[in-house]
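I have placed the structure first, in the form of structure tokens, so that the comments after it can refer back to it.
The values are calculated or read from the model by the stated rules, or taken from the named source; none is laboratory data. Model, not experiment: these values are computed from the prediction. Glycine also receives a Cβ, built like all others from the backbone with ideal geometry; neighbour counts cover every protein chain displayed.
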Amino acid sequence: MIENLKRISVTTNKTLCRYLRFKNTSSKDETTLLKSKRYSKTLNLPQTTFPLTMKNGASVQRELQIQKTSAFQNLYQWQRKQNWDQEFVLHDGPPYANGKPHVGHMVNKVLKDITNRYKVLKKHKVHYRPGWDCHGMPIELKAITDQSGKHLQLSPLEIRTKAKIFAEKTLAEQKKSFQEWGIMGDWKNVYKTLTPDYEAKQLDVFFEIYKKGDIYRDYMPVFWSTSSQSALAEAELEYNANHVSKSVYVKFPCTKTHFSNLSNSDQVYAIIWTTTPWTLPFNQAVCYSPKIKYSLLRNQKRSEVYLCEEKFVEKLKELVNDDLDLLSTLEGSQLEGLNYVHPLNNNKMPFLPSSHVLEGKGTGLVHIAPAHGHDDFFVALQHNLSRECHVNEKGTFVSGVDENLIGKTVGLDANDAVITALGQHVIKTENYLHSYPYDWRTKQPIIIRASKQWFIDLKRLKPLALQSLSGVKIIPQQSERGMVIELNTRPYWCISRQRAWGVPIPVFYHKATDEPLITSETIEHLKNLVLKHGTDCWWNLPEEELLPLSKDKAKDYIKGSDILDIWFDSGVSWASVLQESNGKADVYLEGIDQFKGWFQTSLLTSVAVRGEAPYR
């Protein structure tokens with residue numbers, strides 16, 4: 001093909017360049033073939049009818065055709081019929097039925113599928129029943145929100161109807177995708193937390209725990225979502241490390257003191273710091289620590305004396321931007337009997353000792369608002385302080401404050417309004433960056449608010465749970481320590497929610513005394529109604545039909561309006577789904593976040609009823 005080879009030398013910029021020139025001697029047919037780029041005809045390739053490319057969505061149709069004709073889904077029923085000795089139970093943590101399938105779902109399902117198929121290869125009869133979590137706030141929000149994003153004004157029954165339709169539709173979409181992914185499972189027998197049989201079993205578990213004295217109702221401060229208008233459990237919180245609070249340093253005027261080195265004309269001010277200025281109108285006391293040393297400092301320019309912990313002195317000098325003279329150093333115990341005047345209402349308030357005041361944290365003096373803090377509430381219990389809450393479900397001031405503060409709302413205008421009302425008692429305000437709890441569903445900051453709620457007391461259950469956990473194999477092993485710490489630091493589990501889409505807490509209240517009524521007869525009667533009508537009956541039927549009492553007695557009671565925490569919904573799935581395996585699974589396999597979620601709630605409900613973990 002190559003002839004007439006010539007060598008040509010060219011000198012350019014004193015550089016000798018050489019190149020070869022080739023002459024094409026190939027045939028015309030060969031030249032045409034190469035120009036057309038149909039190189040495959042020059043190679044000896046195997047022939048196939050399998051298309052290398054498909055157009056216009058043909059690949060989707062081919063995939064569906066393969067799924068239909070391959071009978072991949074028959075594998076589950078086939079392996080269940082085998083005469084193998086060993087059983088293997090993987091209990092499916094129910095995904096939430098509130099959105100389209102995503103990569104998180106795929107990772108979860110594929111990991112479970114790998115586990116199940118490996119066990120089939122090892123001749124284990126696999127039990128895997130997929131399930132869905134169908135109640136709760138996210139689904140309810142979708143139900144009450146129109147296409148423009150506005151919340152609709154609906155009755156509880158209307159909300160429940162729309163929420164159920166949405167959950168069932170989403171569930172069907174997810175189920176279809178999971179099957180298309182080739183996940184092996186008992187797809188003809190999936191479980192849903194909204195079916196009457198599941199809900200009835202949930203009422204069973206609730207009453208079993210109640211009978212043992214572990215469920216109680218109390219007025220206590222709880223994590224409260226003003227965006228959801230409902231109480232939250234700790235597992236429903238997400239901590240935002242970049243939250244910015246408006247903090248304020250305030251001076252509370254003390255009454256006459258018995259301190260030395262002070263004249264009768266000296267006005268002593270206790271220095272308080274808080275990141276929640278909106279709670280200051282509800283202040284009932286100031287706490288100190290008997291173990292901390294405090295300083296008295298005179299501001300000559302302002303003729304004021306300040307009281308704060310010894311380690312806060314330098315910071316205080318920066319805040320007031322004045323020289324401060326140290327008058328004396330006091331033991332915390334010397335503050336006993338001291339009082340102050342509330343700057344907003346002129347009420348005389350006490351200084352009280354408390355172990356929750358820590359050295360080096362703030363000013364060493366902690367303001368107490370009993371309805372808005374866990375430590376605050378227990379201080380109020382010890383010293384018989386008012387624990388009344390004056391903030392409603394939306395975070396709005398409704399009572400207990402001056403008229404100019406009524407109607408102010410936490411997270412909107414309450415902080416600024418309170419700071420303005422404090423006037424000259426404010427030393428300084430600062431933005432404070434810190435980690436703060438948010439509602440995991442609405443992604444909005446929460447508050448602490450006292451209200452009547454239903455709780456599971458964990459005093460008896462924690463030792464049982466920890467003992468049961470010691471016999472469970474946990475992977476990764478280091479996660480066990482986190483779960484143990486989480487359990488040890490959890491005093492109770494708030495299980496009531498102020499919503500409509502869920503399983504009702506099966507309790508009736510006496511109209512005159514507010515005493516709750518829960519008996520085996522009321523539960524059994526309600527269970528039969530639920531099995532027949534679903535939990536809609538709680539909203540559909542009057543008390544006379546919901547209670548197994550005579551009409552004369554039933555009219556003295558009113559049904560409760562709270563529902564059970566959805567973590568309780570999914571946490572009792574062992575009771576409904578694992579009956580064939582005595583309520584115990586070989587494996588629970590979920591994301592690491594479930595160590596404080598489903599793994600923990602399943603453990604607590606199981607040990608409460610049976611004294612053992614639901615997993616091995």
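Against the definition (aliphatic (A, V, I, L, M) and out of contact with any strand residue (DSSP E or B) (no Cβ under 7 Å at 6 or more places or on another chain)), how does LEU157 come out, yes or no?
For LEU157, the condition - aliphatic (A, V, I, L, M) and out of contact with any strand residue (DSSP E or B) (no Cβ under 7 Å at 6 or more places or on another chain) - is met.
Within segment 185-204, which residues are surrounded by fewer than 20 Cβ atoms within 10 Å (Cβ to Cβ) and more than 20 Å from LYS532 (Cβ to Cβ)?
Across segment 185-204, the qualifying residues are ASP186, TRP187, LYS188, ASN189, VAL190.
Could you give me the residue pairs with C-beta distances under 7 Å whose first residue belongs to segment 229-248 and is part of a helix (DSSP H, G or I), whose second residue is of a type in the set (Gly, Ala, Ser) wherever it lies, and which are 6+ apart or on separate chains?
Short answer, once both residue conditions are applied: ALA235/GLY597.
Okay, residues lined up against (1) at pLDDT below 80; (2) of a type outside the set (Ser, Thr, Tyr); (3) part of a loop (DSSP other than H, G, I, E, B):
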{"position": "PHE22", "(1), (2), (3)": "yes, yes, no"}
{"position": "LEU33", "(1), (2), (3)": "yes, yes, no"}
{"position": "GLN79", "(1), (2), (3)": "no, yes, no"}
{"position": "HIS105", "(1), (2), (3)": "no, yes, no"}
{"position": "VAL126", "(1), (2), (3)": "no, yes, no"}
{"position": "ARG129", "(1), (2), (3)": "no, yes, yes"}
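Select the helices (runs of 4 or more DSSP H) contained entirely in segment 391-499, then report the ones holding at least 3 residues which are touching a strand residue (DSSP E or B) at 6+ places or on another chain (Cβ under 9 Å) and in contact (Cβ under 8 Å) with a residue 60 or more places away in the chain.
Working: elements: 414-422, 461-469, 478-488.
In segment 391-499, the matching helices (runs of 4 or more DSSP H) lie at 414-422.
Assuming GLU208 fulfils every condition listed in (1) under 24 Å from the mean Cα position of the chain (by Cα); (2) surrounded by fewer than 21 Cβ atoms within 10 Å (Cβ to Cβ) apart from one, which condition is it?
Against the list (1) under 24 Å from the mean Cα position of the chain (by Cα); (2) surrounded by fewer than 21 Cβ atoms within 10 Å (Cβ to Cβ), GLU208 comes up short only on (1).
Of the numbered conditions (1) farther than 27 Å from GLY583 by Cα; (2) modelled with pLDDT of 95 or more; (3) of a type in the set (Phe, Trp, Tyr), PHE88 fails exactly one; give the number of that condition.
(1)
Kindly indicate whether any position in segment 341-351 is in contact with a Cys (Cβ under 6 Å, 6 or more places away or on another chain), over 30 Å from VAL244 (Cβ atoms) and modelled with pLDDT of 95 or more. Can you show your working first?
Pass one, segment 341-351, residues in contact with a Cys (Cβ under 6 Å, 6 or more places away or on another chain): none.
Scanning segment 341-351, I find no residue that is in contact with a Cys (Cβ under 6 Å, 6 or more places away or on another chain), over 30 Å from VAL244 (Cβ atoms) and modelled with pLDDT of 95 or more, so the answer is no.
Give just the number: which of (1) modelled with pLDDT of 95 or more; (2) within 18 Å of PHE206 (Cβ to Cβ); (3) over 18 Å from the mean Cα position of the chain (by Cα) does VAL587 not satisfy?
(2)
Yes or no, residue by residue, for (1) in the same structural domain as THR601 (by the TED database); (2) touching a residue at least 12 places away in the same chain (Cβ under 8 Å):
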{"site": "TYR39", "(1), (2)": "no, no"}
{"site": "PRO46", "(1), (2)": "no, no"}
{"site": "GLN73", "(1), (2)": "no, yes"}
{"site": "TRP78", "(1), (2)": "no, no"}
{"site": "PRO95", "(1), (2)": "yes, yes"}
{"site": "MET106", "(1), (2)": "yes, yes"}
{"site": "LYS123", "(1), (2)": "yes, yes"}
{"site": "VAL126", "(1), (2)": "yes, yes"}
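Has segment 400-412 got any residue that is surrounded by fewer than 16 Cβ atoms within 10 Å (Cβ to Cβ), modelled with pLDDT of 95 or more and within 25 Å of SER247 (Cβ to Cβ)?
Yes, some residue in segment 400-412 is surrounded by fewer than 16 Cβ atoms within 10 Å (Cβ to Cβ), modelled with pLDDT of 95 or more and within 25 Å of SER247 (Cβ to Cβ).
Take LYS394 and tell me if it is buried (at least 17 other Cβ atoms within 10 Å of the Cβ), out of contact with any Gly (no Cβ under 7 Å at 6 or more places or on another chain) and not aromatic (Phe, Trp, Tyr). Spell out how you get there, then give the answer.
Working: buried (at least 17 other Cβ atoms within 10 Å of the Cβ): no; out of contact with any Gly (no Cβ under 7 Å at 6 or more places or on another chain): yes; not aromatic (Phe, Trp, Tyr): yes.
The answer is no for LYS394.
For VAL484, are the conditions met, namely being in the same structural domain as GLY611 (by the TED database), surrounded by 14 or more Cβ atoms within 10 Å (Cβ to Cβ) and out of contact with any helix residue (DSSP H, G or I) (no Cβ under 7 Å at 6 or more places or on another chain)?
In short, no.
Being surrounded by fewer than 17 Cβ atoms within 10 Å (Cβ to Cβ), more than 18 Å from the chain's Cα centre (by Cα) and in the same structural domain as LYS142 (by the TED database) is true for just one of ASN540, ASN528, ASN582. Which residue is that?
Criteria check complete, one pass: ASN582.
So which of PHE259, PHE223 is at pLDDT below 90 and buried (at least 16 other Cβ atoms within 10 Å of the Cβ)? Show your work before the answer.
Details: PHE223 fails: at pLDDT below 90.
Exactly one of PHE259, PHE223 is at pLDDT below 90 and buried (at least 16 other Cβ atoms within 10 Å of the Cβ), namely PHE259.
Can you tell me how many residues in segment 181-220 are at pLDDT below 95 and in a strand (DSSP E or B)?
Count: 3.
Which of the residues that make up segment 513-570 are closer than 30 Å to GLU590 by Cα and out of contact with any Phe, Trp or Tyr (no Cβ under 6 Å at 6 or more places or on another chain)? Spell out the reasoning first.
Filtering segment 513-570 for residues closer than 30 Å to GLU590 by Cα gives 534-535, 562-570.
Residues satisfying the conditions are GLY534, THR535, ASP562, ILE563, LEU564, ASP565, ILE566, TRP567, PHE568, ASP569.
Quick check on segment 266-278: of everything there that is in a loop (DSSP other than H, G, I, E, B) and either touching a His at 6+ places or on another chain (Cβ under 9 Å) or modelled with pLDDT under 75 (or both), which residue is nearest to LEU327 (Cα to Cα)?
Start the filter on segment 266-278 by keeping residues that are in a loop (DSSP other than H, G, I, E, B), which leaves 266, 275-276.
Okay, now just the ones that are also either touching a His at 6+ places or on another chain (Cβ under 9 Å) or modelled with pLDDT under 75 (or both), so 275-276.
Details: THR275: 29, THR276: 31 Å.
Per the criteria, the residue is THR275.
Applying the selection to segment 422-460, what residues are farther than 28 Å from PHE378 by Cβ, over 19 Å from the mean Cα position of the chain (by Cα) and not polar (S, T, N, Q)? Please lay out each step first, then the result.
Restricting attention to segment 422-460, the residues satisfying the condition of being farther than 28 Å from PHE378 by Cβ are 423-424, 426-431, 433, 441-443.
Still in the list and also over 19 Å from the mean Cα position of the chain (by Cα): 423-424, 426-431, 433.
Correct list: GLY423, VAL426, ILE427, LYS428, GLU430, LEU433.
List every residue pair whose Cβ atoms lie under 8 Å apart, where the two residues are 6 or more positions apart in sequence or sit on different chains, the first residue falls within segment 577-589 and is over 15 Å from PRO130 (Cβ atoms), and the second residue, located anywhere, is assigned to a loop (DSSP other than H, G, I, E, B).
Close Cβ pairs (under 8 Å, with a partner that is assigned to a loop (DSSP other than H, G, I, E, B)) amount to GLY583/PRO614; LYS584/LEU578; LYS584/GLU612; LYS584/ALA613; LYS584/PRO614; LYS584/ARG616; ASP586/ARG616.
Regarding segment 546-553, can at least one residue be identified that is aliphatic (A, V, I, L, M) and touching a Ser or Thr at 6+ places or on another chain (Cβ under 7 Å)? Break it down into steps so the answer makes sense when it comes.
Step one: list which residues in segment 546-553 are aliphatic (A, V, I, L, M), which gives 546-547, 549.
With the extra rule that they be touching a Ser or Thr at 6+ places or on another chain (Cβ under 7 Å), the set shrinks to 547.
Yes - at least one qualifying residue is present in segment 546-553.
Return yes or no: is SER386 touching a Pro at 6+ places or on another chain (Cβ under 8 Å), more than 19 Å from PHE282 (Cα to Cα) and not in a strand (DSSP E or B)?
Numbers: touching a Pro at 6+ places or on another chain (Cβ under 8 Å): yes; more than 19 Å from PHE282 (Cα to Cα): no; not in a strand (DSSP E or B): yes.
Spelling it out, it is not the case that SER386 is touching a Pro at 6+ places or on another chain (Cβ under 8 Å), more than 19 Å from PHE282 (Cα to Cα) and not in a strand (DSSP E or B).
When the residues of segment 358-387 are filtered to those that are closer than 17 Å to GLU310 by Cβ and at pLDDT 95 or above, which remaining residue is nearest to the chain's Cα centre (by Cα)? Outline the logic, then answer.
Just the residues of segment 358-387 that are closer than 17 Å to GLU310 by Cβ, to begin with: 358-366.
Then keep just the ones that are at pLDDT 95 or above; that gives 363-366.
Details: THR363: 32, GLY364: 32, LEU365: 32, VAL366: 28 Å.
Step by step, filter segment 358-387, then rank; the result is VAL366.
Which condition number does LYS301 fail, the rest of (1) at pLDDT 90 or above; (2) over 15 Å from ILE271 (Cβ atoms) being met?
Single failed check for LYS301: (1).
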